[in-house]
Protein chains: 2
Amino acid sequence: MSTTNDLPLHPLDRATRLVRNPDGSLSGRTEPAYANMVGPFGGVTAAAMLNAALIHPDRLGDPVALTVNYAGALADGEFRIDAVPMRTNRSTQHWAMTATQGDEVTTTATAFFALRRETWASTETGIPQVPSAEAVPRLDSSAFAQWTKCYDMRFVKGFWPDASESEHDLDSVSTLWIRDDPPRPLDFVSLAAICDSFFPRVMIRRPRRVPAGTVSLTTYFHADAKHLAAQGDRPVLATARASRFGLGYHDQSAEIWSEGGELLATSHQVVYYKE
Amino acid sequence: MSTTNDLPLHPLDRATRLVRNPDGSLSGRTEPAYANMVGPFGGVTAAAMLNAALIHPDRLGDPVALTVNYAGALADGEFRIDAVPMRTNRSTQHWAMTATQGDEVTTTATAFFALRRETWASTETGIPQVPSAEAVPRLDSSAFAQWTKCYDMRFVKGFWPDASESEHDLDSVSTLWIRDDPPRPLDFVSLAAICDSFFPRVMIRRPRRVPAGTVSLTTYFHADAKHLAAQGDRPVLATARASRFGLGYHDQSAEIWSEGGELLATSHQVVYYKE
């Protein structure tokens, strides 16, 4: 982190800041900068759930897998997170997190942490061939929800279609450069949030707005803390697509690449949509 | 189910059978037919975790998302599952499941259920073009773990490589026809198990055996109960690949297709491997 006690916290750090209560639970507060249509942007909720494990005194290693389930709308204001190390092995640790407001569960999550070690490595998929971030114009987010203003987004492909386009000519692929705005060094918290920053695929594939929202999100981290820190505050290349829409839900699979061509994370989700 | 009280249960139904205890928890028992190298095949553990929610009297709708975390080895014998409906909305329900043996958590899971309704639908990916199941020879599983004998597997591509092949000439894609053996009508329980039936990608990509195992598995169901029942006991086409191997873990993404070209499920996992 580049902040010091003399500087205000980055909005993402305000949005994911958790204070430990005497009973061991954590209290957080939604951050207006990340407001979505209803409640906060799901990406910061995922980041806060992960942070509850990251800041736990018994935490072992780096996150490898994170699943977040959006059980109910998070109201603006305070929320509570309970983070429980369900099992700790020699070099791995499994977590369960639950977020509540009053008596209502709003969010559940599980995470798998591990001490990462160098092994044989290979990337089978290739980074999309795109112009550099500097060569792509930045999205004017004035027409979009508040949280989009917390990101510098530069769409290479798959921005919102206009009404003249047909679903038969479109696919659900979006590819964009994205970084926190103001810039912030990449870490697991910011990467977890970026993994949920894609607009719902159903509205990229079909040129019409419908109610839609993530119900379950799973992210696999392929980089350790050191690799992420080495990215600094440079943009990452994010690409997402759906494979199946039907019966009110669609999936989404995403890849997050470093500028240097490292696959930092793969992320999957299932999204509710109407009609 | 085609079994009656006069017929013995299918091995998969024995492996996933849960008996409710007076305190509301469930007791299960590992089934020798699904033995793996250590403990049971992870697919039947995933299926048992899902079944704990499926048979709950308060269950709403069909499973849409399932995440299973393999926290520790399951010893042969009895296990206990606690399944808690964390939040029930008008047409959706979120679950948390925990499996224990004695005081040790062996497995955690979350699931999202929903009442599925007909909506606009589309499949963006295509079914792999392959010969029919009948035209592909069945795997001789005599050299493999016990659980593989519970499946009729017919590899079209990506069977175990032999030592003469190089990792540079190989990729991690496997495509096969698979069904329960003895045949059993497809349902969420059997489909959840099939989603974990792929051999670890690291050993398909590299012609050498190394310790490897699933640590977290997420499956999205794109079909409802009625669509699955319509498949009967016909084989499904299963395809899987990895995108990134590194730092001791690799991902895997899989698709499960019906013979008729319906995408029944997509499934993702992260796998530990050594070296």
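The values are calculated or read from the model by the stated rules, or taken from the named source; none is laboratory data. Computed from a predicted structure; not experimentally measured. Cβ coordinates were reconstructed from backbone atoms using ideal geometry, including for glycine residues, and neighbour counts include every protein chain displayed. With ligands, DNA and RNA removed, areas are computed over all heavy atoms of the protein, side chains included. Shrake-Rupley method; radii C 1.70, N 1.55, O 1.52, S 1.80 Å.
Among the residues of region A:258-270, the ones that are over 14 Å from the mean Cα position of the chain (by Cα) and not in a loop (DSSP other than H, G, I, E, B) come to 1 in all. Residues in region A:231-269 that are in contact (Cβ under 8 Å) with a residue 12 or more places away in the chain and closer than 23 Å to B:Leu115 by Cβ: A:Ala242, A:Phe245, A:Gly248, A:Tyr249, A:His250, A:Asp251, A:Gln252, A:His268, A:Gln269. In the set B:Leu176, B:Leu217, only one residue is touching a Cys at 6+ places or on another chain (Cβ under 9 Å) and either without any contact (Cβ under 8 Å) to a residue 24 or more places away in the chain or in a strand (DSSP E or B) (or both); that residue is B:Leu217.
Quick check, is A:Gly102 loosely packed, with under 15 Cβ neighbours inside 10 Å, more than 22 Å from the chain's Cα centre (by Cα) and more than 12 Å from chain B (Cβ to nearest Cβ)? Criteria met by A:Gly102.
The set of residues in region A:122-145 that are touching a Phe, Trp or Tyr at 6+ places or on another chain (Cβ under 7 Å) and either within 13 Å of chain B (Cβ to nearest Cβ) or over 20 Å from A:Ala265 (Cα atoms) (or both) comprises A:Ser122, A:Ile127, A:Val136, A:Leu139. In this structure, is A:Ser190 modelled with pLDDT of 95 or more, in contact with a Gly (Cβ under 7 Å, 6 or more places away or on another chain) and closer than 21 Å to A:Leu264 by Cα? When the stated conditions are applied, A:Ser190 does not pass them. Does B:Thr106 satisfy the criteria of being part of a strand (DSSP E or B), touching a Ser or Thr at 6+ places or on another chain (Cβ under 6 Å) and of a type in the set (S, T, N, Q)? For B:Thr106, the condition - part of a strand (DSSP E or B), touching a Ser or Thr at 6+ places or on another chain (Cβ under 6 Å) and of a type in the set (S, T, N, Q) - is not met. The set of residues in region A:98-128 being small (Gly, Ala, Ser) and over 26 Å from A:Ala223 (Cα atoms) consists of A:Ala99, A:Gly102.
Count of region B:10-30 residues, restricted to those that are in a loop (DSSP other than H, G, I, E, B) and of a type in the set (A, V, I, L, M), is 1. Taking (1) without any contact (Cβ under 8 Å) to a residue 60 or more places away in the chain; (2) in contact with a helix residue (DSSP H, G or I) (Cβ under 8 Å, 6 or more places away or on another chain) in turn, B:Tyr70 satisfies each apart from (1). For region A:31-46, the set of residues classified as open to solvent by 20 Å² or more (accessible area, probe 1.4 Å), assigned to a loop (DSSP other than H, G, I, E, B) and not acidic (Asp, Glu) consists of A:Asn36, A:Met37, A:Val38, listed by residue number. Going by what's in this entry, would B:Thr88 be described as within 13 Å of another protein chain (Cβ to nearest Cβ) and either surrounded by 24 or more Cβ atoms within 10 Å (Cβ to Cβ) or at pLDDT below 95 (or both)? Considered against the rule, which asks whether it is within 13 Å of another protein chain (Cβ to nearest Cβ) and either surrounded by 24 or more Cβ atoms within 10 Å (Cβ to Cβ) or at pLDDT below 95 (or both), B:Thr88 comes out as no. Of the set (1) in a strand (DSSP E or B); (2) among the β-branched types (Val, Ile, Thr); (3) over 19 Å from A:Val44 (Cβ atoms), all apply to A:Thr100 but (3). Condition (residue is in contact with a Phe, Trp or Tyr (Cβ under 6 Å, 6 or more places away or on another chain), facing chain A (nearest Cβ under 10 Å) and open to solvent by 40 Å² or more (accessible area, probe 1.4 Å)) applied to region B:112-121: is it met by at least one residue? Yes.
Can you pull out every residue in region B:243-260 that is in contact with a strand residue (DSSP E or B) (Cβ under 8 Å, 6 or more places away or on another chain), open to solvent by 20 Å² or more (accessible area, probe 1.4 Å) and of a type outside the set (Ser, Thr, Tyr)? Within region B:243-260, B:Arg244, B:Glu255, B:Glu259 meet the criteria.
Out of contact with any Cys (no Cβ under 7 Å at 6 or more places or on another chain), away from chain B (no Cβ under 14 Å) and part of a strand (DSSP E or B): which single residue out of A:Ala193, A:Ala238, A:Ala163 fits that description? None of the others qualify; the one that does is A:Ala238. Any residue that is open to solvent by 40 Å² or more (accessible area, probe 1.4 Å), farther than 22 Å from A:Ser258 by Cβ and within 21 Å of the chain's Cα centre (by Cα) - is there at least one of those in region A:160-176? Yes; the residues of region A:160-176 include at least one that is open to solvent by 40 Å² or more (accessible area, probe 1.4 Å), farther than 22 Å from A:Ser258 by Cβ and within 21 Å of the chain's Cα centre (by Cα). For B:Pro22, the conditions (1) more than 18 Å from B:Asp187 (Cβ to Cβ); (2) in contact (Cβ under 8 Å) with a residue 12 or more places away in the chain are fulfilled apart from (2).
Considering region B:61-78, and only residues there that are open to solvent by 30 Å² or more (accessible area, probe 1.4 Å) and within 13 Å of chain A (Cβ to nearest Cβ), the residue that is nearest to B:Tyr34 (Cα to Cα) turns out to be B:Ala73.
You will find that of B:Leu237, B:Leu228, the residue that is of a type in the set (A, V, I, L, M, F, W, C) and more than 25 Å from B:Glu165 (Cβ to Cβ) is B:Leu228 and no other.
State whether one or more residues within region B:138-151 are in contact with a Leu (Cβ under 6 Å, 6 or more places away or on another chain), buried (at least 17 other Cβ atoms within 10 Å of the Cβ) and part of a strand (DSSP E or B). The answer is no, given that none of the residues of region B:138-151 is in contact with a Leu (Cβ under 6 Å, 6 or more places away or on another chain), buried (at least 17 other Cβ atoms within 10 Å of the Cβ) and part of a strand (DSSP E or B). Restricting attention to region A:226-242, the residues being of a type outside the set (A, V, I, L, M, F, W, C) and crowded, with 22+ Cβ neighbours inside 10 Å number 1. Of all the numbered requirements in (1) more than 21 Å from A:Asn36 (Cβ to Cβ); (2) open to solvent by 20 Å² or more (accessible area, probe 1.4 Å); (3) among the small types (Gly, Ala, Ser); (4) touching a residue at least 12 places away in the same chain (Cβ under 8 Å), A:Ala223 misses one, and that requirement is (2). Here is the figure for region B:122-137: residues that are open to solvent by 40 Å² or more (accessible area, probe 1.4 Å) and assigned to a helix (DSSP H, G or I) total 2. Checking every residue in region A:206-215 against the condition of being crowded, with 20+ Cβ neighbours inside 10 Å, at pLDDT below 95 and within 14 Å of another protein chain (Cβ to nearest Cβ) gives at least one match.
Has region B:156-166 got any residue that is basic (Lys, Arg), touching an Asp or Glu at 6+ places or on another chain (Cβ under 9 Å) and either within 30 Å of A:Leu217 (Cβ to Cβ) or in contact (Cβ under 8 Å) with a residue 12 or more places away in the chain (or both)? There is no residue in region B:156-166 that is basic (Lys, Arg), touching an Asp or Glu at 6+ places or on another chain (Cβ under 9 Å) and either within 30 Å of A:Leu217 (Cβ to Cβ) or in contact (Cβ under 8 Å) with a residue 12 or more places away in the chain (or both).
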